[in-house]
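Everything below concerns the one structure shown next.
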Amino acid sequence: MNATLLPLSDPLPTPSRRGAHEANKLAKRLRHQVGRAIADFGMIEEGDKVMVCLSGGKDSYTMLDILLQLQKKAPVSFSITAVNLDQKQPGFPEHVLPEYLKSIGVDHHILEQDTYSVVTRVVPEGKTMCSLCSRMRRGALYTYAEEQGFTKIALGHHRDDLVATFFLNLFFHSKISGMPPKLLSDDGKHVVIRPLAYAREEDIAAYADARAFPIIPCNLCGSQENLQRKQVKKMMDAWEKDTPGRVEQIARALGDIRPSQLSDPKLFDFLSLGKRGDADLPDAHAWLGGDGGRAEDAGDDATP
Ligand code: SF4
């Protein structure tokens with residue numbers, strides 16, 4: 001399979017004139033947001049071979065569609081290959097994606113790996129399987145990317161995923177950390193990009209609807225969404241209802257971090273801040289040890 005530079009396929013037939021109008025409006029906004037994310041994070045450069053991971057959900061269809069549109073006028077030349085992993089869930093309509101990808105003329109490959117059997121065997125009944133399933137999916141896709149020499153792996157996570165992950169880490173792992181628009185995989189072999197990082201889920205859903213993508217649901221395995229993620233989503237939905245625009249504010253805040261206004265001495269050198277003199281500052285051990293250590297070290301009387 002060769003990753004070749006392909007022209008943008010014809011637009012899909014849209015269900016109605018209103019649908020077409022809506023799709024055009026949304027396409028413009030999404031192109032703008034994706035283009036900005038690509039530029040802000042240096043996601044794609046000249047000669048890149050981009051593997052676009054396609055699950056059959058609204059997000060990845062939209063990502064592929066918008067990237068193909070941008071590719072036509074991009075300031076750099078790069079190739080796009082859509083890759084789907086058929087995880088062998090019962091009832092997975094395996095003809096849908098190849099037919100769609102053929103119809104739009106995009107270079108593509110369907111990987112087959114029965115992660116479903118492994119996940120159902122390993123995860124106890126009634127527990128959510130998504131986390132192991134996603135890890136295995138990632139592993140299979142990364143391996144394929146390495147074999148084929150793809151220089152970028154594009155995933156369809158959007159703004160709302162980035163915000164939700166931030167809160168999951170905050171609420172359940174006591175960490176200020178999220179899902180970055182661009183990252184190097186743990187083994188340093190892959191650069192993962194999230195071109196939809198600035199795009200709202202609502203827009204993506206409306207766009208996918210207007211474009212009538214042949215959506216494949218990601219619940220064929222019957223697994224329930226992780227409870228913590230569900231809670232966070234519920235919270236964000238309630239915010240959007242009661243205080244529209246709050247999620248956008250948070251998403252912007254994720255790109256405007258001020259380490260000196262937080263409390264992590266690894267990110268900001270609080271020790272040097274306003275420090276007088278060159279002497280080393282006593283560490284916590286010295287402070288917690290009372291005045292004995294200082295008296296001994298300094299060789300003078302520590303009593304006031
Ligand atoms: S819903 Fe099923 S297929 Fe989708 S991530 Fe979860 S376990 Fe995997």
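Quick notes on this structure:
- Of the GluC sites (Glu not before Pro) in the range 69-151, those whose Cβ has at most 10 other Cβ within 10 Å and which sit in DSSP loop: Glu125
- Residues with amide H under 5 Å from that of Ala154, placed H, sequence gap 5 or more: Met51, Val52, Cys53, Ile193
- His21, His109, His285, His158 arranged by Cβ crowding within 10 Å, fewest neighbours leading: His285, His21, His109, His158
- Theoretical ellipticity at 222 nm over the chain - DSSP helices of four or more residues, -39500 (n - 2.57) apiece, nearest 500: -14500 deg cm²/dmol
- Leading residue at positive end of dipole, the range 17-260 (Cβ point charges), from Ala23, Val247, Leu101: Val247
- For the range 135-244, a crude dipole built from +1 on the beta carbon of Lys and Arg and -1 on the beta carbon of Asp and Glu, taken about the Cα centre, is about 200 debye to the nearest 20.
- Per-residue ³J(HN,Hα) for the range 166-172, Karplus 6.51 cos²θ - 1.76 cosθ + 1.60, θ = phi - 60°, Hz, x for Gly and Pro: 4, 6, 4, 5, 5, 6, 10
- For the range 143-261, the square roots a ≥ b ≥ c of the C-alpha gyration tensor eigenvalues yield an a/c of 1.5 or more together with a/b not exceeding b/c, which makes the shape oblate.
- Cα gyration tensor shape for the range 17-260, rounded if a/c is under 1.5, else prolate or oblate: rounded
- Among the lysines of the range 68-148, pairs at least eight places apart or on separate chains and with Cα atoms under 24 Å apart come to 4.
- Chain lengthening between Leu170 and Lys72 when straightened (0.36 nm per residue, less Cα-Cα): 31.3 nm
- Dipole check for the chain: with +1 at the C-beta of Lys and Arg, -1 at the C-beta of Asp and Glu, and the Cα centre as origin, the magnitude is about 1400 Debye.
- Computed from backbone phi with θ = phi - 60° and the Karplus coefficients 6.51, -1.76 and 1.60, the 3J(HN,Hα) list for the range 40-46 is 4, 10, x, 6, 10, 10, 3 Hz; x is used for glycine and proline.
- Top of Leu85, Leu155, Leu132 by mean-square fluctuation, Gaussian network on the chain, Cα under 10 Å: Leu132
- Annotation: amide H of His108 within the under-5 Å range of Ala82, sequence separation 5 or more or interchain, hydrogens built in the peptide plane.
- Rounded to the nearest 20, the size of the Cβ-charge dipole of the range 61-215 about its Cα centre is 420 debye, with Lys and Arg at +1 and Asp and Glu at -1.
- Förster radius 35 Å - calculated FRET efficiency between Val118 and Val96 (Cβ-Cβ, nearest 0.05): 0.90
- Per-residue ³J(HN,Hα) for the range 91-97, Karplus 6.51 cos²θ - 1.76 cosθ + 1.60, θ = phi - 60°, Hz, x for Gly and Pro: x, 5, x, 5, 7, 4, 5
- Under 5 Å from the amide H of Leu85 lie the amide H atoms of Leu54, Leu111, each residue being 5 or more positions distant or on a separate chain, with H modelled from the backbone and absent for Pro and chain starts.
- The DSSP beta bridges internal to the chain are antiparallel in roughly 15% of cases.
- The alpha carbon centroids of the range 128-188 and the range 97-123 are separated by 18 Å.
Each value in this text was obtained by applying a stated rule to the coordinates, not by laboratory testing. Since the structure is predicted, the reported quantities are computational estimates derived from the model, not experimental observations. Positions of Cβ are backbone-derived with ideal geometry, glycine not excepted, and every protein chain shown enters the neighbour counts.
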